[in-house]
Amino acid sequence: MDQIKLSAYISFSLPLIFIVGLLIVLSQNPWFSFTDNALSDMGSIRNPVNYYFNGFLMLFAVLGFIAAIGALRNGLSYLMPLAMVFLFLVGVFPEEYAPHAPAAVLFYVLALADIALVGIKLGRSGISAGYIWSALAVFTFALMLYLVKARVFRGLAIPELVGAFTILSWFVYIGLLQLEVRRNSYRNI
């Protein structure tokens, strides 16, 4: 299988992997509340089954990194590989350790910035949906900030999932674009 196809297929699979992985982690943490907790609470050093969350996050980040590198090689990413490195670090450092919070914030900032930048690039190259993706990335970031700052929920899980939804949707979109690039035999949109 060539690199473009591999990257595209991993990109397509990320939402399913995320949902299945999260369901497995949630099954091991029945105390978890989407409105009262952060997702990282399941990876806390105080949680005896924290390895489910942290291991899942690191595995997911590795797969996301592979997909992001493929997108980078096809001109469909700038910052996403680095964002995936920070996501991996979120799994390495539970929330009680100093690098956890900056790594989590940098993951979202870099991933959403990547979507905005690549969206603008796509829009300028004639793919009008690119501008929509850029606007969605900015809207998602603003919504996440609002939900956190206004303390709409006691926990951070809902704002985190809002960001994750946009990022996972983007991966599906760039997977489709990569297959189109492969089909049309041109590179670097």
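The values are calculated or read from the model by the stated rules, or taken from the named source; none is laboratory data. Fair warning: this is a prediction, and the values are worked out from it, not measured in the lab. As a convention, Cβ positions derive from the backbone with ideal geometry for all residues, glycine included, and neighbour counts pool all protein chains shown. Heads up: the accessible areas ignore ligands, DNA and RNA and are worked out on the full protein's heavy atoms, side chains in. Shrake-Rupley method; radii C 1.70, N 1.55, O 1.52, S 1.80 Å.
Quick notes
Here's the yes/no breakdown for (1) touching a Phe, Trp or Tyr at 6+ places or on another chain (Cβ under 8 Å); (2) more than 22 Å from I17 (Cβ to Cβ):
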{"position": "A104", "(1), (2)": "yes, no"}
{"position": "L112", "(1), (2)": "yes, no"}
{"position": "G119", "(1), (2)": "yes, yes"}
{"position": "I127", "(1), (2)": "no, yes"}
{"position": "W133", "(1), (2)": "yes, no"}
{"position": "V138", "(1), (2)": "no, yes"}
{"position": "L168", "(1), (2)": "yes, no"}
{"position": "Y173", "(1), (2)": "yes, no"}
{"position": "L179", "(1), (2)": "no, no"}
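- Matching residues, region 145-189, being among the basic types (K, R) and at pLDDT 95 or above: K149, R154
- Answer from V62, V20 - the residue that is modelled with pLDDT of 95 or more, closer than 30 Å to Y131 by Cα, in a helix (DSSP H, G or I) and open to solvent by 60 Å² or more (accessible area, probe 1.4 Å): V62
- Residue within region 91-101 that is in contact with a Gly (Cβ under 8 Å, 6 or more places away or on another chain) and open to solvent by 50 Å² or more (accessible area, probe 1.4 Å) present: yes
- A Cβ distance below 6 Å, combined with a sequence gap of six or more or placement on separate chains, defines the contacts here; from region 25-39, residues that are among the small types (G, A, S) reach residues that are open to solvent by 20 Å² or more (accessible area, probe 1.4 Å) and part of a loop (DSSP other than H, G, I, E, B) in the pairs A38/L156.
- Within the option set I127, I158, being under 28 Å from Y52 (Cβ atoms) and either among the β-branched types (V, I, T) or open to solvent by 30 Å² or more (accessible area, probe 1.4 Å) (or both) holds for one residue only, I158.
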